[in-house]
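Contents: one structure, followed by commentary.
The values are calculated or read from the model by the stated rules, or taken from the named source; none is laboratory data. Source: prediction; values computed, not measured. Positions of Cβ are generated from backbone atoms using ideal geometry, with glycine treated the same way; all protein chains shown enter the neighbour counts.
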Amino acid sequence: MSNGITLSGQPRSGYALTNNIIHKLKLCAGLLNDDQDRQAAQQITRDPALHLVDVYQKALVDSGYNLDEVIINGEFHSLFGGPKWFDEDGNYYVRKYIGVQGKGDLLINHRIPTLIAKYYDTLHSHEFPRTLISLYPNAHHLASIRNPLDMMNSANHSINALSSEYIQRTPSLGSETEIRESIALSKFSDLRLCDGLIQHQKHYWMEFLPIQEHFYKVAWEDLICFPLETIQKLSRHLNIELNMEQIRAIWHSMDHKNTLLYHQHNFRENQGIVGDWRNNLVNEHIDLFKDAGFDDILDSLGYTKLKYFNAQNYNVKQQRISQNIHKQHIPSIPDQTLATFAFNKSNIDTSQYDFYRGDWQGNTCIERATFTDHELFKQLTELSEHRIERAFEYCKSILPDNNTFSTNFINQLVECIRSGETVGLWGISYDFERLSSALSPALLEHANVTLFDQLEAGVIVGQKTIISSDKLVEFKGKIFAVPAQPGAINSMKRFAKAKCFEHQLITNETNYAAI
């Protein structure tokens with residue numbers, strides 16, 4: 001494990017799923033804090049003075065925008081939140097999405113300190129798999145793969161984080177299923193968009209295939225059809241020894257569930273079906289794949305080569321999509337703001353589209369925008385640049401600090417456990433493992449201690465199974481909020497107040513001065 005883990009993969013390839021499995025494997029094995037750089041990286045993320053959402057909001061307000069009409073999903077608030085990748089030279093980047101109702105949306109990219117890549121359980125990248133090998137030659141190199149046709153099918157049904165935030169704010173849009181079907185019908189009927197998705201895939205595969213023997217491949221299909229065996233093989237490859245009960249708990253905790261906090265539509269309910277592309281693609285899509293050379297790509301990845309459908313056997317949806325294509329009719333998504341936000345963000349070649357494209361200004365670039373506002377773009381770039389420069393300076397001087405708990409917090413917790421009081425520990429993962437280091441691990445195994453976490457519910461840590469945070473409303477005892485991040489603590493306080501158990505909550509307050 002000391003060599004680290006890299007993960008390469010495209011969006012919709014099982015990339016996030018594989019990343020999450022690795023996290024849970026390390027959580028169960030007590031290996032989350034196995035790297036000193038990770039402790040330093042996480043110390044950076046705990047500092048709200050390095051978050052970017054306030055910078056974006058200031059730029060928008062200064063440019064005359066009403067924040068009530070601005071959409072920024074919580075996944076993008078921090079410095080490091082959003083899709084991330086390494087470039088050919090080893091620089092590290094993050095992408096953010098900002099939407100304005102009635103105006104459009106934009107993608108803003110930042111070059112950020114490479115140290116932040118160590119925050120995660122894997123050094124992961126959507127782009128340039130060769131870079132991962134050259135940067136970390138002694139690491140365990142993993143890659144998520146999936147049938148390219150199913151990847152396009154999934155992309156066309158997906159709801160991105162920006163759209164998710166808008167949908168959460170606009171319940172009148174209808175049910176999630178209706179929204180997905182409306183988006184999918186429009187996308188499948190648009191051959192230009194479908195070709196953009198295919199060309200983006202091709203660019204990645206053409207770099208990955210010549211070096212694929214360097215990667216341990218995790219196939220999405222294997223995870224869906226043979227989850228326990230696939231996770232067990234991955235665990236052994238990483239030299240993590242877990243028993244089948246732990247592995248079964250890991251899969252049960254995430255099987256067909258959303259694994260993100262703020263992006264509430266990252267999972268397509270009742271789907272995740274191998275071969276679902278056969279229910280949605282038509283022969284015109286097969287033509288696009290063939291023209292792009294995917295017979296060879298599919299064969300190299302171990303999937304069946306392209307075959308045409310018998311059009312007489314199309315289902316009702318396929319018939320409608322085929323008719324739309326023949327008539328060159330792209331059905332509109334009823335809500336125009338949703339239609340704009342739902343356009344694929346980071347897994348499409350947009351060279352055929354007339355979007356605004358900015359140039360790099362230091363460490364920041366407006367990658368593309370559906371509208372043009374030079375003053376706003378200037379403000380976003382300049383204010384972001386100042387914050388990111390501070391992050392680079394911070395990284396030069398930061399010293400890893402694994403002691404993230406106040407003395408008062410630790411003393412109260414130890415006293416409660418030893419006295420036999422009923423104790424709940426809320427918020428697990430990295431902070432829980434640090435708590436184990438700060439205390440005698442045996443204390444946390446006491447019968448009067450219960451573990452709670454939303455995303456890790458069901459996972460077995462030590463001898464305890466983590467309980468969903470939703471069950472805290474029924475818990476009778478003192479609740480210790482483990483995280484040190486101010487944002488996480490504030491979120492917990494709001495949840496506790498809304499559910500009327502704030503009087504039971506004890507928080508670990510650690511103050512970080514502005515840099």
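Quick one: is residue 410 surrounded by fewer than 20 Cβ atoms within 10 Å (Cβ to Cβ) and touching an Asp or Glu at 6+ places or on another chain (Cβ under 6 Å)? No: the conditions fail for residue 410. Residue check: residue 79 meets all listed conditions (1) farther than 21 Å from residue 361 by Cβ; (2) surrounded by 22 or more Cβ atoms within 10 Å (Cβ to Cβ); (3) of a type in the set (A, V, I, L, M, F, W, C) but one, namely (1). Candidates are the residues of the stretch 169-223 that are among the β-branched types (Val, Ile, Thr) and modelled with pLDDT of 95 or more; the one that is surrounded by the fewest Cβ atoms within 10 Å (Cβ to Cβ) is 211.
Evaluating residue 7 against the criteria (1) aliphatic (A, V, I, L, M); (2) surrounded by fewer than 22 Cβ atoms within 10 Å (Cβ to Cβ); (3) not in a helix (DSSP H, G or I) leaves one unmet condition, (2). For residue 97, state whether it is crowded, with 20+ Cβ neighbours inside 10 Å, among the aromatic types (Phe, Trp, Tyr) and within 30 Å of residue 244 (Cα to Cα). Considered against the rule, which asks whether it is crowded, with 20+ Cβ neighbours inside 10 Å, among the aromatic types (Phe, Trp, Tyr) and within 30 Å of residue 244 (Cα to Cα), residue 97 comes out as no. Total residues in the stretch 209-249 satisfying the condition of being closer than 16 Å to residue 14 by Cα, in contact (Cβ under 8 Å) with a residue 60 or more places away in the chain and either part of a helix (DSSP H, G or I) or over 20 Å from the mean Cα position of the chain (by Cα) (or both): the figure is 7.
Residues in the stretch 52-72 that are in a loop (DSSP other than H, G, I, E, B), crowded, with 18+ Cβ neighbours inside 10 Å and touching a Leu at 6+ places or on another chain (Cβ under 6 Å): 52 only.
Restricting attention to the stretch 471-491 and to residues that are in contact with a strand residue (DSSP E or B) (Cβ under 9 Å, 6 or more places away or on another chain) and in a helix (DSSP H, G or I), the residue that is modelled with the lowest pLDDT turns out to be 488. For residue 366, the conditions (1) aliphatic (A, V, I, L, M); (2) within 22 Å of residue 197 (Cβ to Cβ); (3) under 25 Å from the mean Cα position of the chain (by Cα); (4) not in a loop (DSSP other than H, G, I, E, B) all hold with the exception of (2). Among the residues of this structure, residue 173 does not count as one that is closer than 19 Å to residue 12 by Cβ and not aromatic (Phe, Trp, Tyr). Would it be correct to say that residue 461 is buried (at least 17 other Cβ atoms within 10 Å of the Cβ) and closer than 29 Å to residue 40 by Cβ? Considered against the rule, which asks whether it is buried (at least 17 other Cβ atoms within 10 Å of the Cβ) and closer than 29 Å to residue 40 by Cβ, residue 461 comes out as yes.
The condition (being small (Gly, Ala, Ser) and either buried (at least 18 other Cβ atoms within 10 Å of the Cβ) or within 27 Å of residue 230 (Cβ to Cβ) (or both)) is satisfied by just one residue among 90, 102, 30: 30. Taking the criterion of being of a type in the set (D, E, K, R) and touching a residue at least 24 places away in the same chain (Cβ under 8 Å), the residues of the stretch 460-509 that qualify are 476, 478, 499, 509.
Restricting attention to the stretch 305-316, which residues are surrounded by 11 or more Cβ atoms within 10 Å (Cβ to Cβ) and of a type in the set (S, T, N, Q)? 315 - this is the single residue of the stretch 305-316 that is surrounded by 11 or more Cβ atoms within 10 Å (Cβ to Cβ) and of a type in the set (S, T, N, Q).
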